[in-house]
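**Q** Structure in structure tokens, see below.
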Amino acid sequence: MGTLRTGALTRRRVGTRAADLEYAVIDVETTGLDPREGARLVEIAVVRVHGDGRVVEEFSTLVDPRAPIGGQEFHGIGEGELIGAPRVAEIVPRIAELLSGAVVVGHNLDFEERFLAAELVPAGLPSGQSGLCTLRALRSQLDLARYSLPRASHLLSGAWPTGQHTALGDARACAELLVEMIANAPGELRYTGPSPRFLQADAPEAVPVRFKPRTTPGTSPRLPLRPWAARWRTRELDPLLCGGAFRDSERELAEAAALRASLLRERLGRAAVVTGGVAATVAGGLLARMAGGRSLRP
């Protein structure tokens with residue numbers, strides 16, 4: 001069982017209504033791109049939100065990486081701001097509480113998962129929670145020119161996200177993207193994949209939270225559900241084919257696979273109708289013969 005067990009969103013009539021679930025939208029700022037090369041967390045945020053847009057809870061803090069601070073050109077966090085910030089082990093019980101019973105969501109969730117696996121799981125975060133990547137979901141469901149979090153948000157709703165490159169700002173933007181996607185879908189979106197697990201972890205103690213200067217604390221009771229002017233795909237793409245750079249060649253391969261899957265479902269549907277009709281005819285004849293046999297009995 002991996003750190004996260006990934007699910008997907010679909011318009012097919014399978015799985016659970018996406019609007020009925022709770023989601024723990026997570027974002028991290030780090031000293032680099034790869035924990036295997038020494039990159040560490042410097043900020044983490046979780047926005048817990050219901051599928052209908054109701055905000056349940058927010059959490060955000062800087063994290064002392066106990067390592068040189070790289071990536072400042074992106075996150076803008078200096079060493080002085082990390083004085084008094086908690087270490088990873090101190091925040092794990094709080095993160096586990098926020099993730100428990102929810103689908104863990106991120107925009108390019110593979111990135112967050114790498115740091116969960118490298119830092120939080122070894123510090124005690126239970127693994128095996130269900131996950132959902134909004135980047136893959138958008139690519140699967142909508143035909144857009146760009147899919148980065150700020151550009152997709154602007155293309156779809158006309159508004160640029162605030163607080164970019166802060167963990168809480170990006171987590172809020174991802175949560176808004178998710179609930180607006182659920183609300184604007186041309187048909188009911190459903191979540192398919194592993195059900196959320198209730199995690200067992202130590203009771204969280206008071207964490208010495210340190211907010212990033214550009215982060216605005218405070219929870220809005222509901223996220224906006226702005227209308228989208230978007231091109232939804234006629235055929236959903238396989239989310240497993242929607243990772244990586246997703247260049248034109250990769251889009252074409254995913255679209256070709258979606259066409260083949262759609263044609264296969266159509267053939268199976270027609271076969272089921274024919275098979276069902278034959279079975280119904282045979283069963284009807286059998287029932288008629290049984291009824292006729294009973295009528296001849298004294």
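**Q** Mind listing whichever residues of region 243-258 are touching a Lys or Arg at 6+ places or on another chain (Cβ under 7 Å) and closer than 17 Å to Cys133 by Cα? Break it down stepwise before answering.
**A** We begin by selecting, within region 243-258, every residue touching a Lys or Arg at 6+ places or on another chain (Cβ under 7 Å); these are 243, 246, 258.
Within region 243-258, Gly243, Phe246 meet the criteria.
**Q** Additional query: If you take the residues of region 70-107 that are buried (at least 18 other Cβ atoms within 10 Å of the Cβ) and of a type in the set (Val, Ile, Thr), which of them is nearest to Leu125 (Cα to Cα)?
**A** Val92
**Q** Further, regarding this structure: In contact with a helix residue (DSSP H, G or I) (Cβ under 8 Å, 6 or more places away or on another chain), surrounded by 24 or more Cβ atoms within 10 Å (Cβ to Cβ) and touching a residue at least 60 places away in the same chain (Cβ under 8 Å) - does that describe any residue in region 124-131?
**A** At the first step, the residues of region 124-131 found to be in contact with a helix residue (DSSP H, G or I) (Cβ under 8 Å, 6 or more places away or on another chain) are 124-127, 129, 131.
Now narrow it down to the ones that are surrounded by 24 or more Cβ atoms within 10 Å (Cβ to Cβ): 129, 131.
Next, only the ones that are touching a residue at least 60 places away in the same chain (Cβ under 8 Å) stay: 129, 131.
Looking for residues that are in contact with a helix residue (DSSP H, G or I) (Cβ under 8 Å, 6 or more places away or on another chain), surrounded by 24 or more Cβ atoms within 10 Å (Cβ to Cβ) and touching a residue at least 60 places away in the same chain (Cβ under 8 Å), one finds at least one in region 124-131, hence yes.
**Q** Given (1) outside the structural domain of Leu132 (by TED's automatic domain parsing); (2) at pLDDT below 95, identify the lone condition not met by Ala229.
**A** The one condition Ala229 does not meet is (1).
The values are calculated or read from the model by the stated rules, or taken from the named source; none is laboratory data. Quick caveat, the model's predicted, so the values are computed rather than measured. Counting neighbours? That spans all protein chains shown, and the Cβs are built from the backbone with ideal geometry, glycine included.
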